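A short worksheet on the structure shown next.
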Amino acid sequence: WLKSLTGQDKIVPVAGSGTTAAIIALNSFVYGKVIIINTGYYSKRWSEYIKKTSLSNSFKIIDYNNFINLKFKKLKYDWVVFVYVETASCKKFDIKKINKIRKKLGANLILDATASIGLENNHSLADVIFFSSCKGLMGPTGLGFIAYKKKIKPNNLKDFWFDLKTHSESKYTLGYNCIA
């Protein structure tokens, strides 16, 4: 059901909130040259997180409207980080426009779908998404998900918690196993 809803090939349940899923997804997939689209509160959260880590030694934060009007000459990125719906400001952004631009940049798209999953369409346009069981899915809190296309390979991480295999192979026991 989640694969169909998200338009992704793989789903990994994560014990914890959507924020926990976000941190694991960012560590598991993001690398290289990164552009973060500033849409508000949650995109700023991911910007601050990426600044404090070694996920990318080359990243740019750009406002949504500036991204939409971006000139593409010689710009190349590995990843675009995007929040589809910002609940703090009650705004939905145009994922189809973002998708067209990120293709021109040669970038993969990682999407914060916490406030959009189950409510909005077109999550299949992203390469990786993360979300929680509550909000649009109306499930219990405390369960996050990472969904991604099989063509996207996760980073090999030595850190037990950040390694996607820890979660996909249920290498620890928590209540999420019962829910998932």
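The values are calculated or read from the model by the stated rules, or taken from the named source; none is laboratory data. The structure presented is a predicted model; accordingly, all values stated were derived computationally and were not measured. Neighbour counts run over all protein chains shown; Cβ positions are idealised from the backbone, glycine included. Heavy atoms of the whole protein, side chains included, go into the accessibility calculation; ligands, DNA and RNA do not. Shrake-Rupley method; radii C 1.70, N 1.55, O 1.52, S 1.80 Å.
On the given criteria, is ASN38 closer than 18 Å to SER132 by Cβ and in contact (Cβ under 8 Å) with a residue 24 or more places away in the chain? Judged against the criteria, ASN38 is not a match. Looking across the range 99-112, the residues that are open to solvent by less than 30 Å² (accessible area, probe 1.4 Å) and within 23 Å of ILE23 (Cα to Cα) come down to ASN99, ARG102, ALA107, LEU109, ILE110, LEU111, ASP112. Within the range 13-37, the set of residues being surrounded by fewer than 19 Cβ atoms within 10 Å (Cβ to Cβ) and in a strand (DSSP E or B) comprises LYS33 only. Taken over the range 113-127, the criterion of being under 19 Å from LYS151 (Cα atoms) and buried (at least 24 other Cβ atoms within 10 Å of the Cβ) is satisfied by ALA126 alone. Within the bounds of the range 44-51, is there any residue that is of a type outside the set (Phe, Trp, Tyr) and either outside any helix (DSSP H, G or I) or modelled with pLDDT of 95 or more (or both)? Checked the range 44-51: no residue is of a type outside the set (Phe, Trp, Tyr) and either outside any helix (DSSP H, G or I) or modelled with pLDDT of 95 or more (or both).
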